[in-house]
């Protein structure tokens, strides 16, 4: 039986402004085993962080980013 793992897309407002901010946040994001892929839109006023992940909550992402020293707030659908 072939079991497909479904990813969930989570979207957040952040205070990631510079390349160095993204590089610092990347250490935590890349190390998390449930995060499949992520990106930051620095051209957007909300500096949107989009995460594709499995089995992780928005609260987990907020805590992860907070530990890395950044503000992160889930955006509504």
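The sum of -39500 (n - 2.57) across all DSSP H runs of n ≥ 4, divided by the residue count of the chain, sets its helix-only mean residue ellipticity at 222 nm to -9000 deg cm²/dmol. Kindly express, to the nearest 10 degrees and within the range 0 to 90, the angle between helix 58-67's C-alpha long axis and the longest C-alpha principal axis of the chain. Between the helix axis and the principal axis of the chain, the angle is about 40 degrees. In plain terms, the chain from residue 63 to residue 8 could stretch by 18.0 nm, reckoned as 0.36 nm per residue minus the Cα-Cα distance.
Can you tell me the orientation of helix 19-31 relative to the chain, as the angle in degrees between its alpha-carbon axis and the longest Cα principal axis, to the nearest 10? Helix 19-31 sits at roughly 20 degrees to that axis.
Since every read-out is calculated from the coordinates, none of them should be taken as a lab result. It should be emphasised that the depicted structure is a prediction, and the values quoted were computed from it without experimental measurement.
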